[in-house]
Structure formats: structure tokens, C-alpha cells
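Reading through the C-alpha cells given below for one structure.
The values are calculated or read from the model by the stated rules, or taken from the named source; none is laboratory data. This is a predicted model, so every value here is computed, not measured. Neighbour counts run over all protein chains shown; Cβ positions are idealised from the backbone, glycine included.
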Amino acid sequence: MQTFTNCLVPEGGYPTQDGYLRVLDKPRKVGGRLTMLHRLEWEKIKGQIPPGFEVDHLCKNRACQNINHLQLLKSSTHKSKDNSERYLVRNIEILSWVKLNPGHKPKDVAKTLGVTRSKVEKLSRDYPHIRQHLKMKPLKSS
Ligand SMILES: [Zn+2]
């Protein structure tokens, strides 16, 4: 996998909860609106973003404005890429919580973290090392 260095993260702007940077596209008093900075950067350098496309961060650093780290993706492709990344991040959150709070049943982990019990049980199958931190029967060794 290609790695990206030299991310360009400007000072200021208005970060979103997801970590994107927004700026005013023009002064507020002339009707300026908060706009995703990486979209503005793309359009400034590469031209208008065609309908149905979004600007994706190859470097996964959503505040980054390095034009070489950006690519156009179809919105649908972008969303499924984003979702699988989000899914992975959530899994890591659950796994780390279990490690830090050992001795709970999957049911209780699920309740505390607001996920389903089957989600926790699936994680314990996908990541067997986590089972030692959970209050559950060990996997039968085959
Ligand atoms: Zn970058």
C-alpha cells in the first residue's frame, strides 16, 4: 500500500466532527457559507467536481489539503470505502475497551458500548486473542 507523507494541514478553518476542514467560501456578510476546504482546493486546481463525484483523501487525513493526496471518487464508491473504514475504527474501539476492561460478558460489553451482543461475539471469533479478556468459554482447540 502506498503511504502518503507531507500532508498539508492549514491553520484555522472550522473542523467538522469527522475531521474535515471547512472555510467560508466568501465573507459572511456577502452570503459566504462554510464549505469543505478540500473541495475548494480541488476545484481551484483541477476544476469543477462533476455531479455524483466526491473528493477522497488517499492519505486518510481528512484535514489534509495536499492536492496529490486527493482523488475524485464516485459518491457511491466513496461511501462504501468510508463505511468500511468507519467499521474498522469501531471494531478497534470495541477491542481496546475490552482489553482495558477485562472480565465482562459479551452481553455486558454490548450494553456498555451500545452495540449488539452478536457483534461482540463475532469480534471474539474474528479476533480470538480478545477472548481471554472476556468472560466467556474458551474456544475448543481443534
Ligand atoms: Zn495528506
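Of all residues in the range 23-30, one or more are part of a helix (DSSP H, G or I), of a type in the set (A, V, I, L, M) and modelled with pLDDT under 95. Number of residues in the range 19-29 that are closer than 20 Å to GLU43 by Cβ and either in contact (Cβ under 8 Å) with a residue 40 or more places away in the chain or hydroxyl-bearing (Ser, Thr, Tyr) (or both) equals 2.
For GLU41, the requirement of being touching a Ser or Thr at 6+ places or on another chain (Cβ under 8 Å) and surrounded by 14 or more Cβ atoms within 10 Å (Cβ to Cβ) is not met.
The residues of the range 1-32 that are over 11 Å from ALA63 (Cα atoms) and within 16 Å of the ligand (Cβ to nearest atom), listed by number, are MET1, GLN2, THR3, PHE4, THR5, ASN6.
Looking at the range 87-108, can you tell me whether even one residue there is among the acidic types (Asp, Glu) and more than 16 Å from the ligand (Cβ to nearest atom)?
Taking the range 87-108 as the starting set, the residues that turn out to be among the acidic types (Asp, Glu) are 93, 108.
Of the ones still in play, those that are also more than 16 Å from the ligand (Cβ to nearest atom) are 93, 108.
Yes, there is a match, as at least one residue in the range 87-108 is among the acidic types (Asp, Glu) and more than 16 Å from the ligand (Cβ to nearest atom).
Scanning the range 41-71 for residues that are within 16 Å of the ligand (Cβ to nearest atom) and either assigned by TED's automatic domain parsing to the domain that holds PRO128 or in a helix (DSSP H, G or I) (or both) turns up GLU41, TRP42, ILE45, LYS46, ILE67, ASN68, HIS69.
State the number of residues belonging to the range 13-22 that are in a loop (DSSP other than H, G, I, E, B) and touching a helix residue (DSSP H, G or I) at 6+ places or on another chain (Cβ under 8 Å). Quick ask: steps written out before the conclusion?
Here is the first cut: in the range 13-22, the residues in a loop (DSSP other than H, G, I, E, B) are 13, 16-20.
Narrowing further to those that are touching a helix residue (DSSP H, G or I) at 6+ places or on another chain (Cβ under 8 Å): 13, 20.
Adding up the residues that qualify gives 2.
Just wondering, is there one or more residues in the range 82-103 that are over 30 Å from MET136 (Cα atoms) and either without any contact (Cβ under 8 Å) to a residue 12 or more places away in the chain or part of a loop (DSSP other than H, G, I, E, B) (or both)? Show your work before the answer.
First, the residues of the range 82-103 that are over 30 Å from MET136 (Cα atoms): 82.
Narrowing further to those that are either without any contact (Cβ under 8 Å) to a residue 12 or more places away in the chain or part of a loop (DSSP other than H, G, I, E, B) (or both): 82.
Among the residues of the range 82-103, at least one is over 30 Å from MET136 (Cα atoms) and either without any contact (Cβ under 8 Å) to a residue 12 or more places away in the chain or part of a loop (DSSP other than H, G, I, E, B) (or both), which makes the answer yes.
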